[in-house]
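Please read the structure below before turning to the comments.
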Amino acid sequence: MAPAYGGSVPMRRIMKPAAAMEVARYNLEDALSDHSASSELYPTLSRELSREMSRDSRVTDKYAFAFDIDGVLIRGGRPIPEAIEAMKVLNGKNPYGIKIPYIFVTNGGGKTEQERCVQLSKQLELEVSPGQFICGHTPMREMVAQYKTVLVVGGEGEKCRHVAESYGFKDIVTPGDIIKDNPHTTPFRSLTEQELENSKLRNYGKVKIEAILVFADSRDWAGDQQIILDLLTSKGGYLGTRSENFDEGPPLFFAHNDIIWSAQHDHTRLGMGALRLSLEAMYHGITGKKLEATSFGKPQIGTFEFATRLLQQWRKENSGIDAPPETVYFVGDTPESDIRGSNLFNEHSANEWYSILVRTGVYDEGTTPKFTPKATCDNVLQAVLHAIEREKNKDTLKWRDEVSSQQEALRSTHSVDWAAKGSMIST
């Protein structure tokens with residue numbers, strides 16, 4: 001029996017369904033052998049039995065997984081101990097020999113999806129494809145047709161410029177470019193020799209910046225916020241100008257809205273959502289107005305819709321399954337983004353999104369999550385085993401219902417037969 005929502009999943013309980021399945025298999029075989037036309041009497045049951053009794057690795061079409069990365073699989077650049085084993089379970093190393101499709105949905109970014117996949121492949125000791133991967137800034141690629149010249153903020157060195165170029169943006173400006181043009185823009189920051197070499201020099205006072213895209217966490221909060229505020233209060237996106245009503249600046253977009261995240265430090269670290277809060281406070285202090293901005297990433301519904309399309313495409317291309325899974329198990333460590341987003345999307349989605357919170361990241365043991373998961377597990381391996389156990393329990397109940405239904409039908413048929421014979425004898 002599956003544990004109550006919010007409870008952990010002890011390792012010793014995971015093998016129970018395997019033993020139960022063996023007992024059920026023998027009982028069902030006996031029941032079927034009593035009736036020669038088993039496939040006619042129990043069509044669904046026979047189909048399920050043939051699947052279960054085959055030990056060859058195969059891909060399930062019933063359910064799939066979506067994983068956050070930081071705090072679930074990786075912490076401080078290193079794999080969480082149970083993560084590698086969890087991936088092996090998904091790829092067929094489980095009592096049922098099934099392979100379970102999965103994707104990765106992270107609010108992190110700052111690198112191309114291809115780079116992140118290479119990095120994650122090394123960390124988890126398996127091959128990860130860009131077709132399985134969503135960064136916080138991945139949906140921004142759909143904005144290429146809308147904006148030509150954009151300011152891209154965050155990340156290490158020139159990496160976010162390269163990400164924007166890979167998405168197809170035609171004219172990309174970075175804070176380093178602006179400081180190179182006018183060093184007085186940020187009084188307390190000077191560019192390094194490498195930054196001066198990489199930054200592109202031109203007169204940015206004559207360049208219309210159409211949108212501000214925060215792709216990754218800022219490495220220079222003071223300098224980046226100064227430049228963002230200069231643009232937000234400008235006339236039409238031209239640096240050096242100042243709007244009289246403060247509503248002529250370019251739109252501002254964030255790859256995600258996580259205030260904190262789990263790194264190698266013992267305590268959580270500030271994330272992009274904290275930068276947004278800081279900007280909102282400063283903008284209001286300067287203009288007296290509320291800052292209007294758009295965030296992608298979790299818990300935004302659009303990110304989960306994007307994930308749904310990606311998962312369906314991945315299953316179709318790699319397993320020939322051209323339909324959404326009945327259930328998606330979303331495993332995360334942050335109640336405010338992972339659990340909140342999957343719970344909210346579950347209310348609108350045609351299929352089930354089942355949220356699982358793990359204790360290896362942002363979540364603090366002993367506290368009550370602001371958004372309640374369907375289950376809480378110690379780590380990602382227990383989360384995966386919990387989901388598999390839950391699916392097998394669902395199958396067992398389904399089979400029992402069909403057996404009961406078919407047996408009732410048989411009893412009714414036999415009753416009619418004996419009633420007819422009794423009528424013939426009395427006649």
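Computed on protein heavy atoms with a 1.4 Å probe, the accessible areas place His386, His348, His184 in the order His184, His348, His386, largest first. With both residues required to sit in the range 138-295, DSSP beta bridges show an antiparallel share near 20%. Heavy-atom accessible area for Ser349, with the other protein chains in place and a 1.4 Å probe, reaches approximately 30 Å². Label separation (Ser121 vs Ile286): 4.3 nm, computed from points 7 Å beyond Cα along the C-beta direction. In the context of the full set of protein chains, residues of the range 138-295 present 50 Å² of accessible surface per residue (probe radius 1.4 Å, heavy atoms only). Gain on full extension, evaluated as 0.36 nm per residue between Arg242 and Thr368 minus their Cα-Cα distance, stands at 40.7 nm. Solvent-accessible area of the range 138-295 (1.4 angstrom probe, protein heavy atoms only): carbon and sulfur portion equals 50 percent.
On the principal axes of its alpha-carbon atoms, the range 138-295 has extents of 46, 39, 35 Å, going from largest to smallest.
Of the GluC sites (Glu not before Pro) in the range 335-392, the ones in a loop by DSSP (not H, G, I, E or B) with at most 11 other beta carbons within 10 Å are Glu365.
The values are calculated or read from the model by the stated rules, or taken from the named source; none is laboratory data. Quick caveat, the model's predicted, so the values are computed rather than measured. Note that each Cβ is placed from the backbone with ideal geometry, even for glycine, and that neighbours are counted across all protein chains shown. Ligands, DNA and RNA are excluded from the accessible area calculation, which covers all protein heavy atoms including side chains. Shrake-Rupley method; radii C 1.70, N 1.55, O 1.52, S 1.80 Å.
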